[in-house]
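Peer 1: Structure provided below as structure tokens; questions to follow.
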Amino acid sequence: MLKITITKKAQRQTLSVTITKDCTVNVIAPKFVSDDYIYKFLQKHKTWIDNKIEECKNSFVLYEHTDMWPLWGSYHPIKLVKNAPQPIKYSKPYFYIDTNLFKQNKSIFRRQVYLFYKTQLKPKLIPRLRVYLGAINQDFNKLFIRNSLRRWGSCSPLKNLNFSFRLAWLPLRLVDYIIAHEVAHLVYMNHSKAFWGLVERLDKHYKKRRKELRKWERVRVI
């Protein structure tokens, strides 16, 4: 059965018909136009409407989302997809997100976002981490990529390194700074002068990186 929504606006001078993402016929009309006139207009353009609805039902990509998601320091547009083989996929320049994901509760949606970015982060994180560890002849116990929205990273007294999945949002120069910061904690479990001296040895631009990182702390995609 055809789904139709009609919105009338006093300031509107023309009648428009669009097909929404859920294949609803959306009509925006002037306030003075009668419903009878609108339905006659729709009947007159029935072939065009039927074709558009069929395209909507069979189309892989439904529409482009207005949001932009970050990946490695750049923002990319989103396309919503019907019955996608995976919940979230990135293929330059778009994020492709299964529409079913938006029907899930927030915790499931957040979990899928976390898993997607974790998958993006891990292959870049580990080789970079090894470079910094080698620079000061240190090693860690365990490595975790956490679903953390507050901290970028941390180092435990047991030499476990924790990094937020959000590192995949950042330019790689900031990822390198965060790695250098946490690797330095393998030597100094504080923020002493000696600690910052070691951070500077690992990343001579660390002060600039710290300042740049602050603007990313407000970024949210979930």
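Peer 1: Quick check on the exposure proxy: order Ile179, Ile38 from fewest to most C-beta atoms within 10 angstrom.
Peer 2: Arranged by neighbour count, lowest to highest, Ile179, Ile38 become Ile38, Ile179.
Peer 1: While we're looking at this one, here's another question. At what distance in nm do the modelled label points of Asn190 and Glu54 sit from each other, each positioned 7 Å from its Cα along Cα→Cβ?
Peer 2: Calculated label separation equals 7.5 nm.
Peer 1: Evaluate the relative contact order of the stretch 77-155 (contact order divided by residue number), counting alpha-carbon pairs under 8 angstrom at least 6 apart; express in whole percent.
Peer 2: Once normalised by length, the contact order is 20 percent.
Peer 1: Could you tell me the relative contact order of the chain? Use alpha-carbon pairs under 8 Å, at least six residues apart, and round to a whole percent.
Peer 2: 12 percent
Peer 1: Would you please give the FRET efficiency between Leu158 and Asp67, computed as 1/(1 + (r/R0)^6) with r the Cβ-Cβ distance and R0 = 41 Å, to the nearest 0.05?
Peer 2: Calculated transfer efficiency: 0.60.
Peer 1: Would you please give the FRET efficiency between Gln138 and Arg218, computed as 1/(1 + (r/R0)^6) with r the Cβ-Cβ distance and R0 = 41 Å, to the nearest 0.05?
Peer 2: For Gln138 and Arg218, the calculated efficiency is 0.80.
Peer 1: Ok, one more. To the nearest 10 degrees, how steeply does helix 46-58 sit against the main Cα axis of the chain, on a 0 to 90 scale?
Peer 2: Computed tilt is about 30 degrees.
Peer 1: To the nearest 20 debye, what charge dipole does the stretch 109-218 have about its Cα centre, counting +1 at the Cβ of each Lys and Arg and -1 at the Cβ of each Asp and Glu?
Peer 2: 440 debye
Peer 1: In degrees from 0 to 90, rounded to the nearest 10, what is the angle of the helix 172-184 Cα long axis to the longest principal axis of the chain?
Peer 2: Here the helix axis deviates by roughly 40 degrees.
Peer 1: Here's something else I'd like to know. Treat every Asp and Glu Cβ in the stretch 1-144 as -1 and every Lys and Arg Cβ as +1, leave all other atoms uncharged, and give the resulting dipole magnitude about the Cα centre to the nearest 20 debye.
Peer 2: 320 debye
Peer 1: Here's something else I'd like to know. Please tell me the relative contact order of the stretch 109-218 in percent, rounded to the nearest whole number, where contacts are Cα pairs under 8 Å and at least six residues apart.
Peer 2: With pairs under 8 Å counted, the relative contact order is 24 percent.
Peer 1: How large is Rg over Rh for the chain, taking Rg from the Cα atoms and Rh as the Kirkwood inverse mean of 1/r across Cα pairs?
Peer 2: Value, to two decimals: 1.20.
Peer 1: Give the whole-number value, in cubic angstrom per residue, of the convex hull volume spanned by the C-alpha atoms of the stretch 109-218.
Peer 2: That works out to 96 Å³ per residue.
Peer 1: Between Thr119, Leu101, Gln11, whose Cα lies farthest towards the positive end of the dipole of the chain when Lys and Arg beta carbons carry +1 and Asp and Glu beta carbons carry -1, centred on the Cα centre?
Peer 2: Highest projection toward the positive end goes to Thr119.
Peer 1: Moving on to the next point. For the stretch 178-222, I need the span (max minus min coordinate) of the C-alpha atoms along each principal axis, in Å, sorted largest to smallest.
Peer 2: Largest to smallest, the principal-axis extents are 35, 20, 15 Å.
Peer 1: Amide H to amide H, which residues 5 or more places from Tyr96 or on other chains are under 5 Å from it, using H placed in the peptide plane?
Peer 2: Under 5 Å from the amide H of Tyr96: Lys79, Lys89, Tyr90, Ser91.
Peer 1: If amide H atoms are built 1.01 Å from N in the plane of the peptide, which residues on other chains or at least 5 residues away come under 5 Å of the amide H of Leu71?
Peer 2: His76
Peer 1: Just the C-alpha atoms of the stretch 43-171: what Rg/Rh do they give, with Rh taken as the Kirkwood radius?
Peer 2: 1.16
Peer 1: Using a 7 Å offset from the Cα along the Cα-to-Cβ direction at both Leu115 and Asp22, what is the distance between the two label points in nm, to one decimal?
Peer 2: Rounded to a tenth, the inter-label distance reads 2.5 nm.
Peer 1: I would also like to ask the following. If you wrap the stretch 4-58's Cα atoms in a convex hull and average its projection over all directions, what's the area in nm²?
Peer 2: The directionally averaged projection comes out at 3.6 nm².
Peer 1: Remind me, what semi-axes does the stretch 61-103 give for its equivalent ellipsoid, largest first in whole Å, using sqrt of 5 times each Cα gyration tensor eigenvalue?
Peer 2: Over the Cα atoms of the stretch 61-103, the semi-axes work out to 17, 10, 9 Å.
Peer 1: What residue among Tyr177, Ser156, Ser192 has its Cα farthest toward the positive end of the dipole of the stretch 109-218, where the charges are +1 on Lys, Arg and -1 on Asp, Glu, each on the Cβ?
Peer 2: Tyr177
Any read-out appearing in this document is the output of simple, stated calculations on the displayed coordinates, not a laboratory observation. All values reported here derive from a predicted model rather than from experimental measurement. Here the Cβ is made from the backbone with ideal geometry for all residues, glycine too, and neighbour counts use every protein chain on show.
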